[in-house]
1. If I filter segment 210-241 down to residues being buried (at least 20 other Cβ atoms within 10 Å of the Cβ) and closer than 18 Å to P100 by Cβ, which single residue comes out as nearest to the chain's Cα centre (by Cα)?
2. For segment 59-79, state whether one or more residues are at pLDDT below 90, polar (S, T, N, Q) and assigned to a helix (DSSP H, G or I).
3. Mind telling me which of the residues A165, A105 ends up being aliphatic (A, V, I, L, M), in a loop (DSSP other than H, G, I, E, B) and in contact (Cβ under 8 Å) with a residue 40 or more places away in the chain?
4. Check off (1) out of contact with any Ser or Thr (no Cβ under 9 Å at 6 or more places or on another chain); (2) small (G, A, S); (3) without any contact (Cβ under 8 Å) to a residue 60 or more places away in the chain for A232 and give me the number that stays unchecked.
5. In this structure, does R119 turn out to be part of a helix (DSSP H, G or I) and touching a residue at least 40 places away in the same chain (Cβ under 8 Å)?
6. Take the residues in segment 168-208 that are in contact with a strand residue (DSSP E or B) (Cβ under 7 Å, 6 or more places away or on another chain) and assigned to a loop (DSSP other than H, G, I, E, B); name whichever of them is nearest to P44 (Cα to Cα).
7. Please go through segment 151-196 and pick out each residue that is in contact with a Pro (Cβ under 9 Å, 6 or more places away or on another chain), at pLDDT below 90 and over 23 Å from D113 (Cα atoms).
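The values are calculated or read from the model by the stated rules, or taken from the named source; none is laboratory data. Everything quoted here is computed from the prediction, not taken from an experiment. Note that we place each Cβ from the backbone using ideal geometry, even for glycine, and neighbour counts take in every protein chain shown.
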Amino acid sequence: MSTTDPRTPRTSEAPAPGPELRARDLHLAYDGRPVVENLNLTVPTGRITAIVGANACGKSTLLRALARLLAPRQGVVELDGVALRSVPTRELARKLGILPQTPVAPEGLTVLDLVSRGRSPHQTWWRQWSAADEEAVHAALEATSLTDLAERPVDELSGGQRQRAWIAMAVAQGTPILLLDEPTTYLDLAHQIDVLDLITDLNRREGRTIVMVLHDLNQACRYADHVIAMKAGRIVAEGAPADVVTEATVEDVFDLRCRITPDPVSGTPLVIPLGRHHHDGNSPAGQPGVSEKV
């Protein structure tokens, strides 16, 4: 586990920031049911943003809209001031990549084949596979520690290896903006940290803008520069982890009482949940006949 705070300032040699992604007056719905309403958001360029909130609060829906996988009912998502809906598909795929929650690879597809697919947006009828594409694929495999597994079928990999393979494909795509929907889902703790460390490496080394939906508040605080807390389709709070992840916000967003203490490794907020069986003397759970919601 890394003991380095991911919010360490970047050096003057860091890559220049990429395009700006923002949403204005966004209204999103599924089958006529409103999910997100009147949402405004500017994603910090060149930083790591974590979107947190309870289940069904609109986190993944928002991410899909930012990737143009879901058309807004009202409002607009913009990339450098241009409406996403008007950006040609191939051009968009060269600027913005998304890793969905549970991607599925065709049976028998090797890691190398999967990662190579990340170069598809750069192919045209007059520009076929090139030395630059080859270099990008091998650099992505190296960055994700998958070089030795390049010829292995994706469906034979462990959960952590498979997740790294999909991230490698996104790396090879070479987009300055990367959207990740719960990249640590179904992974054990060690593989979760591996994936989050890899995401941090991409941001630090290449200046990529990362937006990821996370369930674990402590991981969001440790790895993100910017945290967005959502509830019922709206943004309740956003900003630096210490400003957003407070006892009051956690109770409001998750209906969970907690205590916040500094993380002994990173110094970022560490959320300690309270409940009927584990509480402190200052909580209602410490009083006879009073229970807490969990």
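1. This residue is M212.
2. In the first step, residues of segment 59-79 are kept if they are at pLDDT below 90; the result is none.
Checking segment 59-79: not a single residue is at pLDDT below 90, polar (S, T, N, Q) and assigned to a helix (DSSP H, G or I).
3. One residue alone meets the criteria, A105.
4. (3)
5. Yes, satisfied.
6. Residue satisfying both the conditions and the ranking: R208.
7. Of everything in segment 151-196, just one residue is in contact with a Pro (Cβ under 9 Å, 6 or more places away or on another chain), at pLDDT below 90 and over 23 Å from D113 (Cα atoms), namely Q192.
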